[in-house]
Amino acid sequence: MTDERTFIAVKPDGVLRGLMGEIIKRFEQKGFKLVAMKFMLAPDSLLKEHYIDLKDKPFYAGLCKYMGSAPVCAMVWEGLSAVKTGRVMLGETNPADSKPGTIRGDLCIQVGRNIIHGSDSVESANKEISLWFKPEELVSWKLAALEHIYE
Ligand code: DAT
Ligand code: MG
């Protein structure tokens, strides 16, 4: 099961702070394979659907507005346990609870500006990937280092 996929997005604060390269680097160096990437101003309709499970939260409207306030870098990364390991790499939702070494633990401070999104289950990953990407935008290719990343 080295073909599990997760949806990762650098949020507007991460983009505005120039942290895209640092975040991409971490997933690339880990050994995950980039399957798709899109730099875009996300439309409000897409963001509302993306965060639909949080629609009753008091921060929902502000969250959607902030997510559309500047570009995001939307990505699909693939590899063994990409969803779970991706979440570990992100850290906790609140950066204050995130350990050093994680993206949120190292690079941000407040929950409302936590710089990165990552799918929380395989099911939501599949939903998010199909929401953000057309099937033909998912690139099929072989990572040359594959046999050195997996035994
Ligand atoms: P995660 O992004 O770790 O999956 P989530 O899905 O529960 O967290 O929430 C989505 C985003 O909403 C989160 O990254 C930041 C924002 N958020 C969550 N809890 C919040 C809160 N209590 N106050 C403000 N923003 C919050
Ligand atoms: Mg979430």
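No lab work stands behind these numbers, since they all come straight from the coordinates. Given the structure is predicted, the values throughout are model-derived calculations rather than measurements. Positions of Cβ are generated from backbone atoms using ideal geometry, with glycine treated the same way; all protein chains shown enter the neighbour counts.
As a test of the formula, what do you get for the chain when each DSSP H run with n ≥ 4 contributes -39,500 (n - 2.57) and the sum is divided by the residue count, at 222 nm and rounded to the nearest 500 deg cm²/dmol?
Numbers: 8 runs with 60 residues, N = 151.
Taking each H run of at least 4 residues, the total per residue is -10500 deg cm²/dmol.
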For region 96-151 and region 1-63, distance of Cα centres in Å = 7
May I ask you to order 135-142, 12-19 by the average number of other C-beta atoms within 10 Å around their residues, highest value first?
-> 12-19, 135-142
Label ASP106 and TYR66 with points 7 Å out from Cα along Cα→Cβ: what is the distance between them in nm?
-> 2.2
Which angle between 0 and 90 degrees, to the nearest 10, do you get for helix 122-132 versus the longest principal axis of the chain when only C-alpha atoms count?
-> 70
Scoring only Lys, Arg, Asp and Glu (+1, +1, -1, -1) among other residues with Cβ under 9 Å from the Cβ of ALA125 yields -2
Mind checking Rg over Rh on the chain, alpha carbons, Kirkwood formula for Rh?
-> 0.95
As a percent rounded to 5, the proportion of antiparallel DSSP bridges among beta bridges in the chain is 95
Taking a label point 7 Å from the Cα of ASP53 along the Cα→Cβ vector, which residues of region 114-143 have an amide N closer than 14 Å to it?
-> 117-129
Amide H contacts of ASP120 (H built 1.01 Å from N, under 5 Å, at least 5 apart or other chain) | ALA125
